[in-house]
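The next block holds one structure in the form of structure tokens; read it before the comments.
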Amino acid sequence: MKRNFLATNSCIYIPDATSCFYHPPGFVILEAVNFYANRLYMQIRLWVTLLLIWSLQVTRAQVAGQIKLESIWLSAEYFPDFPDEFRWMQDDQYYSVLDPGKGIYRYSVANDKQLDAVLDFSKLDLGSIKAEDIETYEFSGDERQVLLKTQVTPIYRHSSTEVCLIADRNSGTVRTLHGGKPVSLATFSPDGSQIAYVFENNLYAQALAGGDAVQVTQDGLRNHIINGAADWVYEEEFALTSAFAWSPDGTKIAFYRFDESQVQEFSMAVYGSLYPVEQRFKYPKAGEANAIVSIHIYDLAARRTVMCDVGPERDQYIPRILWAAAGSLGIMRMNRLQNQVDVLLADPATGATRLLLSESSPTYIREPADFSWYFLADGRMLWLSERDGYQHVYLYDAAGALIRPVTSGAYEVTDIIGVDEKNERLYYRSTEVSPLERHFYVIGLNGKKKEKLSREAGSHDVTASTQYNYFVETWSNISQPPVTRLCDPAGKVLRVLADNQKLQKKVEALTIAAPAFFDFETPDKVRLNGWMIKPPTFDPARQYPVLMFVYGGPGSQEVMNDWGLTSSFNYLWHQMLAQQGYIIVCVDNRGTGGRGRDFRAVTYADLGRYEVEDQLHAARYLQSLPYVDDARIGIWGWSYGGYMTSLCMTKGQGLFKTGIAVAPVTNWRFYDTIYTERYLKTPQLNPDGYDKNSPINYAANLKGNYFLVHGTADDNVHYQNSMEMVDALVKANKQFDTFFYPNKNHGIYGGYTRYHLFNKMTRYILANL
């Protein structure tokens, strides 16, 4: 009986081919078998040698221009440079920069000369603290004291604890704050005589002249009462971390108190020990109880606290506080559905309030930010509003009467940079040139003499000096890495602080094709913007697979004329895939930002419907292009983009061959109150809005290759979302792929983690698209 000797064992071992053959007991190998085996071995050696020679030639020709995952995620070779911890100094003629491990150095605006060391770390007695571990710094108002922060330990996305040192520039002495224990949010008073901070959910004030710290609050308790810091949902959805504010004269501190006692706890297992540790924190899911928030003002001289009257309603939000003219406290108040906002002014002596402004919307009001309002010294207020369909700046008098709109037009003012009150000039950024760009403007508070200060096409991020004599601008576009430069009030560039020329040369040496913007009209007569990266050796006569990248959440934008198209790491990874022969595409669907209220708010109470429709329209548009392989379209996204990917794979009727969903929401009932209810109302008021576009309810419709990724310690989009999706897919008998990262949060990073993730994603795309 003859046997196929190649079938006796699956081993393949090139150096000695005969060793891969299996010899069963009693089985005698025929001489003919050895003959053919040896001949096969010689043929394999010849082909392997030729293959290696060809491979080396190709590698020598291409390696210089090829992108490697290691360069993106391990060595971070393509990460732009920025000035380290840049700070304007009070006299407006100097700025300071942190030189890690060495000190803080002062520079002259006039000639860019390094004048002296504000602090030379080598001359300070830092105790057990290493100079290279100092991460950031802040000056007191008189710039005599410098707050140094080290051992920064993240709590959630924005919050952290840190060990704080206070260095005296005159004496050269250093002392630790709160006995060297980790604290949060340490902040100097405006006059520089005191510093406030939060420790174990209580607010403290420390006089820098000496003496014991004053414990302003006494009832702080983890998962129960928070004073001076934000709870999880305020931090995440209102970007509120520091929940206290010094009065301008430094005599009072206004602060938040969060009563979380009625908020349900969410638990996560933390692995790494014999018995996993359970981490528990308060997380209000949609429709559930929020913390009760109150605003208080503490008088340091009188050692007395008053509570501000924010109205009888307890189920509401206080997204911002801001000290106003004549020592009153501005309080921004929103109802739970976030379709009405009020501005109250509180008397710091009594806590009594009066209504200054009220505004409502038929859908929702955009999430407030620090730049949403500004109080002038004479009591007038600048206010950002979308009342005419686009976000603009309005000027009110001290009594709350509208004086005039300062800006107007079919474009959005995205943020207020600052106000030069002496010259009655407002500095701001807007989308006036294009929704894809951000430009820098100045205009009089009378709405006249508007000037565009930014010059080049692209995106301009700006910070103003203390007296508005200078600006630091970071500019980039799709082909230009960020350039940080010092400008005068007319926009003239005085000096380049970081040019990223090395990065520019590295990118120019790569074998890549520049992204190109495009737009198209959907069957609904809506014009959508997108960008496309083609393979560097693109041939219009060929057909290529397409990978679509999506985020698509309310107010977001991925189609922007900036470096890295909003993320330099993803950009280089997308370029790496383009080198492998993929076309990469991103389209901003309805609901995204930069194009006014109506375009963004069309998704209200129906998240997922119009967004997915537009992504499907985009895929069909791509299928119509002659150079696209219409059977090989994939999609991937993270967070809201993971939600979109999951919906496209389940409601897309097989349009997508492959999808990768990272940390997706799979059921809006699992997500938090502030974000979810802003766009969907509560589950009690709008149950269909929650259920008809949740991916877990469409698991049975899954078509294509689906790869689900999540971190098990995700405090934002809980691991629960993916577990429920897995359960639904299994019940529907659907095959899919998963990977989970132990103890990793929503960002899935740390050590080799991000490299590992993108390595897996790359392999998955190459194998399945």
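The values are calculated or read from the model by the stated rules, or taken from the named source; none is laboratory data. For clarity, every value in this text was computed on a predicted model and none was experimentally measured. Every residue, glycine as well, gets a Cβ built from its backbone with ideal geometry; the counts of neighbours run over all protein chains shown. Ligands, DNA and RNA are stripped out before the accessible areas are found, and what is left, the full protein with its side chains, is counted by its heavy atoms. Shrake-Rupley method; radii C 1.70, N 1.55, O 1.52, S 1.80 Å.
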Reduced to Cα centres, the span from region 695-769 to region 101-142 in Å works out to 44
To the nearest 20 debye, what charge dipole does the chain have about its Cα centre, counting +1 at the Cβ of each Lys and Arg and -1 at the Cβ of each Asp and Glu?
2240
Could you work out the percent of alpha carbon pairs in region 87-142 separated by over 14 Å, rounded to a whole number?
55
For region 62-110, run through the GluC sites (Glu not before Pro) and keep only the ones in DSSP coil with at most 16 other Cβ atoms within 10 Å of their Cβ.
77, 85
Distance in nm between residue 135 and residue 469 label points, each 7 Å along Cα→Cβ, equals 3.4
Starting from the Cα of residue 289, move 7 Å in the Cα-to-Cβ direction to define the label point; list residues of region 241-277 whose amide nitrogen is under 15 Å from there.
258-266
Go through region 578-643 and name the trypsin sites (Lys or Arg not before Pro) that are in a DSSP coil and have 11 or fewer other Cβ atoms within 10 Å of their Cβ.
none
In this model, which of 181/252; 657/734; 422/448; 68/506; 657/744; 506/760 are farther than 19 Å apart at the alpha-carbon?
181/252; 657/744; 506/760
Dimensionless Rg over Rh [region 214-300; C-alpha; Kirkwood]:
1.07
Once you have a ≥ b ≥ c as the square roots of the Cα gyration tensor eigenvalues for region 533-598, tell me rounded if a/c is under 1.5, and otherwise prolate or oblate according to whether a/b is larger than b/c.
prolate
R0 = 45 Å: FRET efficiency of residue 759 with residue 315, Cβ-based, nearest 0.05?
0.45
With contacts defined as alpha carbon pairs under 8 Å and 6 or more residues apart, what's the relative contact order of region 185-299 in percent?
20
CD proxy at 222 nm, helix term only [per DSSP H run n ≥ 4: -39500 (n - 2.57); per residue of the chain; nearest 500]
-5500 deg cm²/dmol
Full-extension gain in nm, residue 455 to residue 79, via 0.36 nm per residue minus C-alpha separation:
132.9 nm
When the accessible area of the chain is split by element with a 1.4 Å probe, what percent falls to carbon and sulfur?
50
Say R0 is 30 Å: what FRET efficiency, to the nearest 0.05, do residue 624 and residue 569 get from their beta-carbon distance?
0.45
Low-density loop cleavage sites - trypsin sites (Lys or Arg not before Pro) in region 498-552, where at most 11 other Cβ are within 10 Å (DSSP):
525
Taking the Cα centroid of region 494-514 and of region 252-302, what is the distance between the two, rounded to the nearest whole Å?
44
Convex hull volume per residue in cubic angstrom - Cα atoms of the chain
213
What is the calculated FRET efficiency for residue 335 to residue 402, with r their C-beta to C-beta distance and R₀ = 30 Å, to the nearest 0.05?
0.85
Computed over the chain, protein heavy atoms only, probe 1.4 angstrom, the accessible area per residue in square angstrom equals 44
Kirkwood-type radius of region 681-734, with distances r between different C-alpha atoms, in Å:
12.6
Let me check against my output: what whole-number percent is the relative contact order of the chain, with C-alpha pairs under 8 Å and at least 6 apart?
8
